[in-house]
Amino acid sequence: MPYTKLGALLDDSCFQNGIYKHSDEYGAGIPILRITDFDNHGRLTTNSFSRVSLSPYERDQFAIRENDIIINRVNSLSHIGKSMLVPFMHEYPVFESNMMRIRISEECPLVPEYVAAVLQAGPARRHFRKVAKPAVAQASINQDDVRAVAIVLHSKPVQKYIAKVILAWDLALEKSEQLIAAKMGHYNYELSRLISRGQHPHAHVRSFAEEVSVRNHGGNEARVLSVTNSRGFVLPEDQFERRVASSDLSNYKVVRRGEYAYNPSRINVGSIARLDGWDDGVLSPMYVVFRLNAAKIQSDYFMHWLNSHAARQRIKNSAQGSVRETVSFSEFAALTIPLPDATKQSTITCYLNALRAEIDLLGQSVAAIKAQKRGLMQKLLTGQWRLPIPKEAMP
């Protein structure tokens, strides 16, 4: 089906930028929607809005209502253009200046839910990243950039039914993510019960770990890696969309499968991991690489301990007082860990591994649903696939 521009179907009165208020005016008054109040999937993430002092005119002018569409117009490239279809609220907020509002009337040939789906889909988000204007640490889009979004004008019943189908997938994703969150809560409870509160004897990390500082002098290793706090070891181009490394890798540190590494300036936010996905790779010289003595501690047991709140807190505490909040290996090795005998380690590890395996499987299921949803949206929104609309869905 042919595309048209969103701006050809919506007049100028449909668009409005938000209100700017100085920080001194925040604290009490009218609730205000901020860019941190909804996520990249268009879901509201708070029940407690900031409040701001407004005149009655400002409240009327900038208040949002159900089925308005809010678009983030100033942010980093990864968040630019994120949007939300406003749900029912008991008290509707106004919206701040780094967002814009689209309000679609009943007379318009477009349905708000359908437009929201188009704006959240990959083509629109890529369009926003392409046309965004760079600024200091941020980027911006304007109303003309939103008007330029390509859209297929289906009939209203088709638009509503497409939006209904996509909502069903969103609800499936939400339920799956809620299940993962519940399973993670159970895992964290068991982790604390079995390790942190397990009344085990303690040992210093240095009693079973040693630093490794093998350099890539022969240039044999060319796989450059980095460590994140959410995905462990990753290729830099997967993290930053480009290769971030020196052309000379001879001074980079070699890391091998089963060894651990962390960035001393980011370990306090959880950037520490074990290399499992590759046989080897190289890391920037700033990284710390270490290995465990398998005769003294099981690697999986140590991994679970690293995931615990107690371990994360101890690592954060060890970084405090440092000018740059870094943690050297000697400081990390001075931490103590609950360390039962080998038999008890095996029992705990086996149980916790089973819990993590279930969570990982659910995560793979969510990833598959997201991929299927992206493909489905592409087919439906472009008109490549036509949905048979039930008679009861027709007006």
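Scan (1) surrounded by fewer than 17 Cβ atoms within 10 Å (Cβ to Cβ); (2) under 16 Å from Gln345 (Cβ atoms); (3) under 24 Å from the mean Cα position of the chain (by Cα); (4) of a type in the set (A, V, I, L, M, F, W, C) for the single condition Ala294 breaks and write down its number.
(3)
Looking at (1) of a type outside the set (Gly, Ala, Ser); (2) under 30 Å from Val254 (Cα atoms); (3) surrounded by 16 or more Cβ atoms within 10 Å (Cβ to Cβ), find the lone condition where Val149 falls short.
Of the numbered conditions (1) of a type outside the set (Gly, Ala, Ser); (2) under 30 Å from Val254 (Cα atoms); (3) surrounded by 16 or more Cβ atoms within 10 Å (Cβ to Cβ), the odd one out for Val149 is (2).
Enumerate the strands (runs of 3 or more DSSP E) found wholly within segment 260-321, keeping only those where 1 or more residues are of a type in the set (Asp, Glu) and within 21 Å of Arg193 (Cβ to Cβ). Don't jump to the end; show me each part of the working.
Details: elements: 260-262, 272-274, 280-283, 288-292.
Counting at least 1 such residues, we get no strands (runs of 3 or more DSSP E) at all.
Per-residue answers, yes or no, for (1) at pLDDT below 90; (2) in a helix (DSSP H, G or I); (3) under 18 Å from Cys14 (Cβ atoms):
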| residue | (1), (2), (3) |
| --- | --- |
| Glu91 | no, no, no |
| Phe95 | no, no, yes |
| Ile104 | no, no, yes |
| Ala116 | no, yes, yes |
| Arg129 | no, yes, no |
| Val146 | no, yes, yes |
| Leu167 | yes, yes, no |
| Leu171 | yes, yes, no |
| Gln178 | no, yes, no |
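Among the residues of segment 328-373, how many are among the charged types (D, E, K, R) and closer than 15 Å to Arg193 by Cα?
First pass over segment 328-373, keeping only residues among the charged types (D, E, K, R): 331, 341, 344, 356, 358, 360, 370, 373.
Still in the list and also closer than 15 Å to Arg193 by Cα: 344.
So the answer is 1.
So how many residues does segment 28-65 have that are within 28 Å of the chain's Cα centre (by Cα) and on the phi > 0 side of the Ramachandran plot?
Number of matching residues: 1.
Among the candidates Ala150, Ala121, Ala182, single out the residue that is over 30 Å from Lys379 (Cβ atoms) and of a type in the set (Gly, Ala, Ser). Outline the logic, then answer.
Details: Ala150 fails: over 30 Å from Lys379 (Cβ atoms); Ala121 fails: over 30 Å from Lys379 (Cβ atoms).
Of the residues listed, the single one that is over 30 Å from Lys379 (Cβ atoms) and of a type in the set (Gly, Ala, Ser) is Ala182.
What about Val288, is it within 30 Å of Tyr161 (Cβ to Cβ) and at pLDDT 90 or above?
Details: within 30 Å of Tyr161 (Cβ to Cβ): no; at pLDDT 90 or above: yes.
No.
Hey, can you tell me all the residues within segment 38-67 that are touching a helix residue (DSSP H, G or I) at 6+ places or on another chain (Cβ under 9 Å) and surrounded by 21 or more Cβ atoms within 10 Å (Cβ to Cβ)?
Within segment 38-67, just Val52 meets the criteria.
Restricting to segment 335-360, and then to whatever is hydrophobic (A, V, I, L, M, F, W, C) and in a helix (DSSP H, G or I), can you tell me which residue is surrounded by the most Cβ atoms within 10 Å (Cβ to Cβ)? Before you say what the answer is, go through the steps one by one.
Residues of segment 335-360 hydrophobic (A, V, I, L, M, F, W, C): 335, 337, 339, 342, 348, 350, 352, 354-355, 357, 359.
Pick out the ones that are also in a helix (DSSP H, G or I) and you get 342, 348, 350, 352, 354-355, 357, 359.
Values: Ala342: 13, Ile348: 24, Cys350: 12, Leu352: 21, Ala354: 11, Leu355: 17, Ala357: 10, Ile359: 17.
In this case the residue turns out to be Ile348.
I'm trying to understand the selection: among the residues of segment 311-332, which are aliphatic (A, V, I, L, M) and surrounded by fewer than 17 Cβ atoms within 10 Å (Cβ to Cβ)?
Initially, segment 311-332 is screened for residues aliphatic (A, V, I, L, M), giving 311, 315, 319, 323, 327.
Passing the criteria: only Val323.
If a residue has to be part of a strand (DSSP E or B) and closer than 15 Å to Leu119 by Cα to count, how many in segment 74-89 make the cut?
Filtering segment 74-89 down to residues part of a strand (DSSP E or B) leaves 74-75, 83-85.
With closer than 15 Å to Leu119 by Cα added as a condition, the list becomes 83-85.
The total comes to 3.
The values are calculated or read from the model by the stated rules, or taken from the named source; none is laboratory data. Because the structure is a prediction, the values reported are computed rather than measured. Counting neighbours? That spans all protein chains shown, and the Cβs are built from the backbone with ideal geometry, glycine included.
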